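Input: a single structure, listed below in structure tokens.
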Amino acid sequence: MRLTILGGGGFRVPLVYGALLADRAEGRVTEVVLHDLDSARLSAVTRVLADQAAAVPGAPRVTATTDLDEALRGADFVFSAIRVGGLEGRAQDERVALAEGVLGQETVGAGGIAYGLRTVPVAVDIARRVARLAPDAWVINFTNPAGLVTEAMSRHLGDRVVGICDSPVGLGRRIARVLGVANPAEAWIDYAGLNHLGWVRGLRVGGRDELPRLLADPALLGSFEEGRLFGPDWLRALGAIPNEYLHYYYFNRETVSAYQRAERTRGAFLRDQQAAFYAEAGDPAAPALAAWERTRAEREATYMAENRESAGAGEREADDLSGGYEKVALALMRAIARDERTTLILNVRNGTTLAGLDAEAVVEVPCLVDANGAHPVAVDPLPGHATALVCAVKAVERQVLAAAATGSRTAAVTAFALHPLVDSVTVARRLVDGYTAVHPGLAYLR
Ligand code: G6P
Ligand code: MN
């Protein structure tokens, strides 16, 4: 079984490889092909993987290439985890927006639109190549903004592309933990929305919804990440637990000003942190895995630090530092490759799942997964306020897709202007000017 990882020189690749090393089952991945545009990053990551594999018999063989077509040929699974424009691009996405007084964040608001405008043309090119060179491969999309990018790729790959994110799983795990659910894997998490824009409306164990017990208990509500971010009163008012990324919507003013006050934005912090890591791991005399582990611990500990600070939410809990995105990826691959039926919250085409969205819209909902792929499960309708937000953001995504397909600057302006977190058409126009001035990857907008 061959897995190709696009963005193979990326920082999270050792997480995926670690999950593969722990998989001893029949039919597991035996060959990993790393693809990246940057050969120095590829060799640094290859050194980390070699350290990881050192004591593991039968570890998957790793090869690396900068030739995309060569990487795709013969792949059974393709993981796409690329970052168009690198972390400097992410820092620019943040800076331009914050200078206009609106949110600059990797996936949400103006920053997410800019990142989407840069990434969609590249993702579409990849999807076309996969369709031509590896038509039977399954594509697992990690690339952010994951919902939008998955939808762009689905126009060429249909249901053979599935988008993943670890935040709904992390949220479900935290809720199960505070509720004292003995076996969280057996809980049914009623989650629905778009990527980074969803709500947990229930958590069923043995057919019984345990969420009302949480919502009724302020002490329990204050004992986990989302409870501290949003505050017990707001969660009770909503009657649901939102994905942490909704903090940017419900507390937009506070998060924008916290980001403006920060000494360095998240993107700038990671850009500097990662530059130091790649320099260190590129040195054959340095212990690559130890450098990676140290860097990762620091990255996890500082995740959403400004949000937590503005909400007075304190530090992250130790249990929340392990992410889990590699586990979702591996579970998805196993379910497809070995017909190990399971339920996962994934980004797939809507069909008739969420009312208000058309069949082609990619949504983030629980899916039954088996050898035939991921099938969305029918869920209860979202309440009006959530449907409104989901439809508004999907309309923005559609403008981004139109801009990327046609090069229309007007469509790009419309994307920014229609976003609920951009409060003026004038600002939207200035954002497009600002972003095209700093990003060469947006030169296609005319
Ligand atoms: C969460 C999100 C991912 C995102 C990551 C960003 O896991 O679900 O989509 O890539 O956080 O973390 P970062 O360390 O890059 O700010
Ligand atoms: Mn995510």
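The values are calculated or read from the model by the stated rules, or taken from the named source; none is laboratory data. What you are looking at is a predicted structure, and each value in this text was computed from that prediction instead of being measured. For neighbour counting, all protein chains shown are included, and Cβ atoms are generated from backbone atoms with ideal geometry for every residue, glycine included. SASA here: full protein model, heavy atoms, side chains in, ligands and nucleic acids out. Shrake-Rupley method; radii C 1.70, N 1.55, O 1.52, S 1.80 Å.
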Leaving out ligands, DNA and RNA but keeping every protein chain, what accessible area does residue 201 have, in Å² rounded to the nearest 10, with a 1.4 Å probe?
40 Å²
Step through the residues of the range 55-65 one at a time and calculate ³J(HN,Hα) from phi using the Karplus curve (6.51 cos²θ - 1.76 cosθ + 1.60, θ = phi - 60°), rounding each to whole Hz and writing x for Gly and Pro.
9, 10, x, x, 4, x, 5, 10, 10, 9, 8
Sum of side-chain charges, residue 84 neighbourhood, beta-carbon under 14 Å (Lys, Arg +1; Asp, Glu -1)
-3
Using +1 at the Cβ of each Lys and Arg and -1 at the Cβ of each Asp and Glu in the chain, identify which of 381, 178, 276 lies farthest towards the dipole's positive end.
381
Let me make sure I get this right: for the range 168-250, a, b and c are the square roots of the gyration tensor eigenvalues over alpha carbons, sorted descending. Under 1.5 in a/c it's rounded, otherwise prolate if a/b > b/c, else oblate. Which is it?
oblate
Can you give the charge dipole size of the chain about its Cα centre, rounded to the nearest 20 debye, using +1 on the beta carbon of Lys and Arg and -1 on the beta carbon of Asp and Glu?
580 debye
For 316, 294, give me the order by solvent-accessible area with a 1.4 Å probe, most accessible first, ignoring ligands, DNA and RNA.
294, 316
Please report the accessible area of residue 129 (heavy atoms, 1.4 Å probe, ligands and nucleic acids excluded) in Å², nearest 10.
60 Å²
Taking 295, 406 and ranking on accessible area (1.4 Å, protein atoms only), highest first, one gets 406, 295
Helix-only CD estimate at 222 nm, as mean residue ellipticity for the chain, using -39500 (n - 2.57) per DSSP H run (n ≥ 4):
-15500 deg cm²/dmol
Full-extension gain between residue 262 and residue 321, please, as 0.36 nm times their residue separation minus the C-alpha to C-alpha distance.
19.0 nm
Could you tally the net charge around residue 116, taking each other residue with its Cβ under 12 Å from the Cβ of residue 116, Lys/Arg +1 and Asp/Glu -1?
-2
Between residue 66 and residue 205, what FRET efficiency comes out of the Förster formula 1/(1 + (r/R0)^6) with R0 = 41 Å and r the beta carbon distance, rounded to 0.05?
0.25
With 0.36 nm assigned to each residue of separation and the Cα-Cα distance removed, residue 303 to residue 429 gains 42.3 nm
Please give the net charge around residue 170, taking every other residue with its beta carbon less than 9 angstrom from that of residue 170, where Lys and Arg add +1 and Asp and Glu add -1.
-2
Please report Rg over Rh for the range 1-112, where both radii come from the alpha carbon positions and Rh follows the Kirkwood definition.
1.09
For the range 304-434, shape from the Cα gyration tensor axes a ≥ b ≥ c, cut at a/c of 1.5 then a/b versus b/c, turns out oblate
Please give the solvent-accessible surface of residue 424 in Å², to the nearest 10, using a probe radius of 1.4 Å with every protein chain present.
30 Å²
Largest-first ranking of 327, 394 by accessible area, probe 1.4 Å, whole protein assembly kept, is 327, 394
Quick one: grab the alpha carbon gyration tensor of the chain, order the square roots of its eigenvalues as a ≥ b ≥ c, and give me rounded if a/c is under 1.5, else prolate or oblate depending on whether a/b is larger than b/c.
rounded
